[in-house]
1. What list of ³J(HN,Hα) values in whole Hz, one per residue of the stretch 466-473 in order, does the Karplus curve 6.51 cos²θ - 1.76 cosθ + 1.60 (θ = phi - 60°) give from phi, with Gly and Pro shown as x?
2. If you count only protein heavy atoms and use a 1.4 Å probe, how large is the accessible surface of L133, to the nearest 10 Å²?
3. Arrange the peptides 139-145, 368-374 so that the one whose residues have, on average, the most other Cβ atoms within 10 Å appears first.
4. Hey, can you grab everything whose amide H is under 5 Å from the amide H of E397? Only 5+ residues off in sequence or another chain; H modelled, so Pro and N-termini drop out.
5. Can you give the FRET efficiency for C447 and V211, using 1/(1 + (r/R0)^6), R0 = 41 Å, r = Cβ-Cβ distance, to the nearest 0.05?
6. At 1.4 Å probe size, with the rest of the protein present, what percent of the exposed accessible area of the chain is carbon and sulfur atoms?
7. In nanometres, what is the gap between the two model label sites at I484 and Q200, each 7 Å from Cα along Cα-to-Cβ?
8. For V432, what is the net charge nearby, where nearby means another residue's Cβ is under 14 Å from its Cβ and Lys, Arg count +1, Asp, Glu -1?
Amino acid sequence: MFEVNINVGYSLQPNRSEYFAHNILILVDLSCQETNLFLIKASAQGYFKSPYRWLLLNTEGNNFDVLDQLDMPLNSDVVIANIGFDSTVFIEDSNNTKQHLDDRLYLHQDSITKMSYMVVKICFEMLNATERLLFTPTWGYKDKNGNWQGIVDHLLKREADLGTLTIFTQERMKVVDYIAMVGSTAVRFVFREPPLSLLQNIFTLPFTGGVWMAIVVCVLSCALFLYIASKWEATVAMHPMQLNGSWADVLILIIGAVLQQGCTLEPRYAAGRCVTLLLFIALTILYSAYCANIVVLLRAPSSSVRSLPDLLNSPLKLGASDFEYNRYFFKKLNDPIRKAIYDKKIAPKGKKPNFYSMKDGVERIRKGLFAFHMELNPGYRLIQETYKEDEKCDLVEIDYINEIDPWVPGQKRSPYKDLFKINFIKIRETGVQAAIHHRLHVGKPHCSGTISAFSSVGFSDMYPAIITTLYGMLLAPAVLVLEIMYKRL
């Protein structure tokens, strides 16, 4: 949609070829001077014909005598908007798919229907056939009485020859024939990769097992040597701040070195001091490397959720778009993993099932720790329009239904079946189908990789450290009681 400002002193004609293939919206304020002259000039040059669209704003209660002088053919599109201070604004938010089957408007709604219709329309033109559209709210499922509804019902009653792209099921294949695949779509669980700290204890990850073992051997060796040195120093001389040759004092010194805290009691002679110095230097270098890795791991995404069992056992909450096919397939697939996902995370017993609108579900994905089962085309289109660049970088898909791409269904043993197939093949081979798909389809959003966002560390990231602290707080009183009992006994 464009707003065109045209000076009445110039001809409108030269610019027509530049925009002729587009719908041009011309906005006119009737309160402006020389507006009547402008409208008459535009009418004379044929600007009230398609594809030009006019919006005339009446802000001062002007009369419309000039309209009688304008040439407005049948294909003209002119809207007069009366604007007043006491006006009420009405907002229309309905599904306009019926009026926009063959254009790129309202692509968030019924993209499968648009894709099907554009290809089928070309097929009908090739066959010199006249189309008659029937609209139904569902693709076709059996009701509680075993009767078919929706598209399948129209095909069975021979009220329709072709239907919208429909997913294969064994029940449908018994009553309809699948003619051709005129487009592709997919339904997946989509989520942002959860932080690694949520799924694993990152405080053990900076070093490999071999490095941890080497650190333990180094610390124990230094502890043994310090114990021997402190025993020898105690036989030579004693100082108030000197190790007295007990394991308890050596242990306190070692713990202080590991935690970068130091200790009040230290060796007084060269042998013990050399060991202490080397111990602190080694642990300081390891501490720097450890902290650097922790900083990276705190916000690093995890790649451990890649299958349905991973999804079931993960801390992610699950939801699904509120469409009929979701409710049907979630109940229909009864293998243990899928049934557990539905019973435990989609529709827990005693709670409201987690079915959301596309807008609400996509927003929950953005906030994190939520997997949403949705049709990818409209879902990714909404993500492309609403997410920041850094929020598009960690999207993951997991297939739940595990079905092949949907096909166009037709009547069983229809006399037109072969004609439809031949023309659909021609449409596909000539690239027309690919062009339509390219116009309507939106792939997985690409991350530019140039924007880095800061995200603070939360409680879940520090969970292992907090648990360790709580264990220490609970253990301290028990150790105190043991010390008191040992002292008294």
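1. Using θ = phi - 60°, the values come out as 5, 4, 4, 5, 5, 4, x, 5 Hz.
2. For L133, solvent-accessible area is about 80 Å².
3. Per-residue Cβ counts within 10 Å, averaged per peptide and sorted highest first, yield 368-374, 139-145.
4. Long-range HN contacts for E397: none found.
5. 0.80
6. Carbon and sulfur together cover 58 percent of it.
7. For the pair I484/Q200, the computed spacing is 4.4 nm.
8. Here the count lands on +1.
The values are calculated or read from the model by the stated rules, or taken from the named source; none is laboratory data. Bear in mind that the values here come from a model prediction, so they are computed numbers and not experimental data. Here the Cβ is made from the backbone with ideal geometry for all residues, glycine too, and neighbour counts use every protein chain on show. Just the protein is used for accessible areas: all its heavy atoms, side chains included, with ligands, DNA and RNA removed. Shrake-Rupley method; radii C 1.70, N 1.55, O 1.52, S 1.80 Å.
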